[in-house]
1. Can you list residues from other chains, or at least 5 along the same chain, whose modelled amide H is less than 5 Å from the amide H of Thr87?
2. So which lysines pass the test for Lys51, namely a Cα distance under 28 Å, with those fewer than 8 places away in the same chain ruled out?
3. Collect residues whose amide H, placed 1.01 Å from N in the peptide plane, falls under 5 Å from the amide H of Leu53; neighbours closer than 5 in sequence don't count.
4. Provide Rg over Rh for the chain; use the alpha carbon set for both Rg and the Kirkwood Rh (inverse mean inverse pair distance).
5. Which of Val41, Val5, Pro61 sits closest to the plus end of the dipole of the chain, meaning its Cα is farthest towards the positive end, when Lys and Arg get +1 and Asp and Glu get -1 on the C-beta?
6. What aspartates and glutamates could a cross-link reach from Lys16, if we take a straight Cα to Cα line under 19 Å and drop same-chain neighbours fewer than 8 places away?
7. Out of all DSSP beta bridges with both ends in the chain, state the antiparallel percent to the nearest 5.
8. Could you give the angle, 0 to 90 degrees to the nearest 10, between helix 41-50's Cα long axis and the longest principal axis of the Cα atoms of the chain?
Amino acid sequence: MGTVVSTSPGPGDIDKGATIVVSVSQGPETVDVPNVVGQSVDQATNTLEGKGLVVTNVFGPQRGSVFTTNPPAGAKVKRGAGVDLYTKR
């Protein structure tokens, strides 16, 4: 299910039997949060950015390895969404 974003022809009168093209948006593009567990903050950041995501916060040592993320790996999120990294030494 989506939202009608345009029609062709646009608003107005048309002839009976004329063809109408309706463009429907499926909503914002989503991506799966990749599994970055065990990666360094730099590696995880590169992986996430490669999927169109951004790191919003790092909780724990900057030089540690990632043990979990929020949202978690496998979650569907909008492209451009933020991901928090949780790290340990």
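Just so it is clear, none of the values below were taken in a lab; they were calculated from the coordinates. Keep in mind that what you see is a predicted model, and the values were worked out from it rather than measured. Heads up, the Cβs are rebuilt from the backbone with ideal geometry, glycines too, and the neighbour counts pull from every protein chain shown.
1. Distant-sequence amide H within range of Thr87: Phe59, Gly60, Phe67.
2. Result set, ordered by chain and number: Lys76, Lys78, Lys88.
3. When sequence neighbours closer than 5 places are left aside, the close amide H contacts are Gly80.
4. Expressed as Rg/Rh, it is 1.35.
5. Highest projection toward the positive end goes to Pro61.
6. Qualifying aspartates and glutamates at Cα under 19 Å: none.
7. Working: 14 of 19 bridges.
So the antiparallel bridges in the chain amount to around 75 percent.
8. 10 degrees
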